[in-house]
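Beneath this line is the structure, given in structure tokens, with notes to follow.
Where a number appears in this text, it was derived from the coordinates with a stated rule and is not lab data. Model, not experiment: these values are computed from the prediction. Because the Cβ atoms are built from the backbone with ideal geometry, glycine has one as well, and the counts that use them run over all protein chains shown.
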Amino acid sequence: MIRFGLPGEEARLLQDTAERFVADRYGLAQRAVMLARPPQEAPAHWREMAALGWLAAPLPRGVGGLGMAPVHLQGLLETLGAGLILEPYGPAIMNCAATLSRLLPRAQAAGALAPMLAGDRVEVLAASPMGQALVQAEPEGDGWALSGTVPLVPGGAAAHAFWVAVDCGAESALAHVPASKAQVRGFRLVDGQAAASACFDGVSCGPRACFTGAADALAHGADMGLWAALAETSGLIGALCRATLDHVKLRQQFGRPIGRFQVVQHRMADMYMHTEEARSMAQLTAEALEEKDAGVRRRLLSAARVKTDAAARAVLRDAVQLHGGMGMTDELAVGHMVKRLLVLAQTGGSRAAHLKRFQASG
Amino acid sequence: MTDLLNSPEDIAFRREIRDFVAAELNPDTRDRIRRGAPLRHEDIARWHKSMYRKGWVAPTWPVQHGGAGWSARQRLIADEELFRLHTPPLPNFGPRMIGPILIRFGSRAQQQRFLPAILSGADWWCQGFSEPGAGSDLASLTTRAVPTDGGWIVTGAKTWTTFAQHANRMFCLVRTDGQVKKQEGISMMLIDMDAPGVSRRPIRLMDGTEEVNEILLDQVFVPCGMVVGEVNRGWTYAKALLEGERLGIGGIGRCKHLLGRVRHMAQGADDALADARLAELEIDIMALEATTLRLLAAAEAGVPLGAETSLLKIRGTEIQQALTELMLDIAGPAALVPVAAGSNEDVFENVVCQFLNWRKLSIYGGSNEIQRTILAGQVLGL
Ligand SMILES: Cc1cc2nc3c(=O)[nH]c(=O)nc-3n(C[C@H](O)[C@H](O)[C@H](O)COP(=O)(O)OP(=O)(O)OC[C@H]3O[C@@H](n4cnc5c(N)ncnc54)[C@H](O)[C@@H]3O)c2cc1C
């Protein structure tokens, strides 16, 4: 049932902490230093994020998580999104750890997740943006021989291991491959996030690293990963809107703040409406994630992707435009936010893919 | 897409351009332009030499000054063909901006000194109009020129100066009278970039390029002979400069070139959404071209072109920005990944950079908001 409740005390505390974290750790100059580091290095504040409980927060209690529902995490994700953090929170936790929490039996999941949630290990999924297999698995002894490449693995540059979605005939399956066995090319995406392409040609997996019956788990991870991207996007849209509002109040042309011109006012009003709608869709889908009916859940998530994408496009266009030349530079947060939005727009499946899924589900 | 200008003379002119480009254009340069790679100075400089030998550097100048002497119709065709054939666009600042102004308003000495050097490429110009505090409201500029023996002492800051790193000269707007209405105290001066007191700081843009700069002018001496036309008439010249080449302002050649690139990327993708969007944008370009040709016909029949040309700038830039957005959609996640060294064939390379960089089209040259205000005020009388 969709309630649209206000965030509880716990959620507000989480968001306050996140705001301080971003303010203390993610000034543009501090971020530039992190961006200059090789993408293969351990994410800068990962252990600290673990200590704050953020890595465990979304996972069920039974596997070592804190069991916080997505509605209570929205503020955290929006704040981290707006703060342009470079840690792989979406890919490693919301997507991969969530998948494992459903894939593995409880005790095994708890064992596998413990070092990940403590911030000691980074593991990510190697699949298409919507969780489909891009790698083939052929039977080999009791296990599999893999072949194929995943061109874009978010968070993959510093990963210790990959959970590779594989095509092994009828069933959805995952193979657990240590990074040392794959050919990994690490790089930074246009927004500075560390990622990798990973080639699994010639990798052998013993039976204990092969997991079949993964369809539900992968779908759950894909839902959570997409939702996280939408919540981050909502946070960024809000931040761009606030930055632009500040700018149009300050910037003077023709003897007055440009925010006094009606054209500019109407643009700001449009940006505000987009911000509100994006936030609503993030909250709607946060609640929908607890919906039992997978059909309904998917339909709402796809709708949210389509709507949020439209909002993000409009807001990034107007944010740059209303900043004038300043908006084109690398010297304000605006430009960095714009690049992050372009990456988030492809995370968890593009607008076109979700429009198709939405139409098919009607 | 369909060529609307296709009389027998048009076709012969197109053939002349194609033959010339086939013989002269460096294949590596051609390839970079085709892929939308950032322009390199050496590509432009080399192509400039070829165009110079052919006499085609300055499309709008009269022949006696060394211009191509083309009609407006020929200029549109040349623009279209040169883009279609992936030639690097020559810089506007010399041939299309200050050149025509010197021809109309400059002294004989200025014409003799500067025009040949623009054509040959010996001089590269940059445009020093905008300041940190004077963008859309250009007339509020505060760079000051104080008279001195034999000239002026200029002090102030210019910003967003495109390709100043390649320029040895700058045409510049400065305040020569602070007591009158702000438009009436501005002069246009020609400044040597090597002059003592001129310094430059590059500005990094979000796409990672450094194509714009901040220029500081600290007590720079400018001789009297380097003032264009009359002192305090600079605003008139600046307006003429910004309105120059009005019919080319929509960038139909650029639009078509970009459309071709996007169509190439969409090939084989079997993406019905993208195909429909491409068709719509092709139709938008057709409407832009038809409007340009209609205004051209009216101008040739003696109806003076006015502020309505703002519509060409708005539409042309909107179309180009829509095309770069569509490119992003078609490329998908592939556009986000840096290309491995050596894999130059990737058609998605540069997609994000171009999307980011092309945001500038609706900001510079008079922002699209300002252009709409011009339409509302000067055409519609609101
Ligand atoms: C990449 C790039 C290259 C450039 N190259 C050059 C160059 O070579 N030489 C040079 O001199 N300049 C150059 N410019 C500067 C350019 O001309 C200015 O950026 C432009 O005039 C806008 O000024 P601004 O950036 O100060 O924005 P502002 O004037 O501060 O405008 C900010 C926003 O407010 C809007 N706005 C302002 N006034 C009004 C109003 N009255 N009504 C409604 N909306 C309004 C604008 O449309 C814009 O969206 C370049 C700019 C860029 C981005």
| said: Based on alpha-carbon atoms only, what is the radius of gyration of chain B relative to the globular estimate 2.2 N^0.38 Å? | reply: 1.01
| task | Take the alpha carbon atoms of segment A:192-246, find their center, do the same for segment B:137-200, and report the distance between the two centers in whole angstrom. | result | 52
| Per 20 Å bin, what is the whole-percent P(r) computed from every C-alpha pair distance within the protein assembly as shown? | 15, 44, 29, 11, 0
| message | So if the hydrodynamic radius of segment A:1-55 is defined as the Kirkwood radius over C-alpha pairs, what does Stokes-Einstein give as its diffusion coefficient at 10 °C and 1.306 mPa s, in µm² per second? | response | 118
| remark: Within the under-11-Å Cβ sphere about residue A:258, not counting residue A:258, Lys/Arg +1 and Asp/Glu -1 give a net charge of +3
| When Rg is the radius of gyration of the Cα atoms in segment A:267-310 and Rh is its Kirkwood radius, what does Rg/Rh come to? | 1.08
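Dividing the alpha-carbon radius of gyration of segment A:1-133 by 2.2 N^0.38 Å (N being the number of residues), what value is obtained? Intermediate results must be reported in sequence, preceding the final value.
On the way: Rg = 15.3 Å, N = 133, 2.2 N^0.38 = 14.1 Å.
With N residues counted in segment A:1-133, Rg over 2.2 N^0.38 Å equals 1.08.
For chain B, what does the helix formula give at 222 nm: sum of -39500 (n - 2.57) over DSSP H segments with n ≥ 4, over the residue count, nearest 500 deg cm²/dmol? Show your work: numbers first, answer last.
Values: 12 runs with 162 residues, N = 382.
It comes out at -13500 deg cm²/dmol, rounded to the nearest 500.
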| query | If you line up the long axis of helix B:41-54 against the longest principal axis of chain B, both from Cα atoms, how many degrees apart are they, to the nearest 10? | reply | 90
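What number comes out for the charge environment of residue A:98, summing +1 per Lys or Arg and -1 per Asp or Glu over other residues with Cβ under 15 Å away? Kindly include the intermediate steps, with their values, before the conclusion.
Working: positive: A:61, A:102, A:106, A:297; negative: A:123, A:216, A:223, A:290.
In short, 0.
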| request: Could you state the angle between the C-alpha long axis of helix A:294-323 and the longest principal axis of the C-alpha atoms of chain A, as a value from 0 to 90 degrees rounded to the nearest 10? | output: 40
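Treat every Asp and Glu Cβ in segment B:10-120 as -1 and every Lys and Arg Cβ as +1, leave all other atoms uncharged, and give the resulting dipole magnitude about the Cα centre to the nearest 20 debye.
Working: 19 positive and 11 negative charges, 41 e Å.
In debye, rounded to 20, segment B:10-120 gives about 200.
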| task | From the P(r) of segment B:79-176, can you give the percent of Cα pairs sitting at distances over 16 Å? | result | 65
| Stokes-Einstein D (µm²/s) once Rh is taken as the Kirkwood radius of segment B:250-378 over alpha-carbon pairs, at 10 °C in 1.306 mPa s | 98
| Under the Kirkwood approximation applied to all pairs of distinct alpha-carbon atoms, what is the hydrodynamic radius of segment A:123-214 in Å? | 12.9
| Check residue A:329: other-chain or 5+ apart residues with amide H under 5 Å from its amide H, H built from backbone geometry? | B:206
| message | Under a Cβ-only charge scheme (Lys and Arg +1, Asp and Glu -1), can you give me the dipole magnitude of the protein assembly as shown about the Cα centre, in debye to the nearest 20? | response | 1320
| field | Positive-end extreme of charge dipole, segment A:216-360 - chosen from A:289, A:324, A:352 (charges on Cβ) | value | A:324
| Helix B:108-120 sits at what angle to the longest principal axis of chain B, using alpha carbons and giving 0 to 90 degrees rounded to 10? | 30
| task | Just need log10 I(q)/I(0) for chain A at q = 0.07, 0.09, 0.11, 0.15 Å⁻¹, Debye formula, equal scatterers on the alpha-carbon atoms, no solvent, rounded to two decimals. | result | -0.30, -0.49, -0.73, -1.32
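For segment A:91-141, which semi-axes, largest first and in whole Å, follow from the square roots of 5 times the eigenvalues of its Cα gyration tensor? Present the calculation step by step, with values, prior to reporting the outcome.
Values: eigenvalues 91, 45, 21 Å².
Over the Cα atoms of segment A:91-141, the semi-axes work out to 21, 15, 10 Å.
How large is the Kirkwood hydrodynamic radius of segment B:29-140, in angstrom, based on all distinct alpha carbon pairs? Display every interim value, and only then the final one.
Values: mean 1/r = 0.0652 Å⁻¹.
Answer for segment B:29-140: a Kirkwood hydrodynamic radius of 15.3 Å.
Net charge within 11 Å of residue B:164 by Cβ-Cβ distance, Lys/Arg positive one each and Asp/Glu negative one each, not counting residue B:164 itself? Walk me through the numbers on the way to the answer.
Working: positive: B:158, B:169, B:200, B:201; negative: B:210, B:211, B:214.
So the environment of residue B:164 carries a net charge of +1.
What's the average, rounded to a whole number, of partner chain beta-carbon atoms within 10 Å of each residue's beta-carbon in A:247-255?
Details: counts 0, 0, 0, 0, 3, 3, 8, 4, 2.
Partner Cβ neighbours, averaged per residue: 2.
Using a 10 Å cut-off around each Cβ of peptide B:203-211, what is the average number of partner chain Cβ atoms that fall inside? Each step should come with its number before you reach the end.
Numbers: counts 6, 5, 6, 14, 5, 3, 1, 1, 1.
Across the residues of B:203-211, the mean count of other-chain Cβ atoms within 10 Å is 5.
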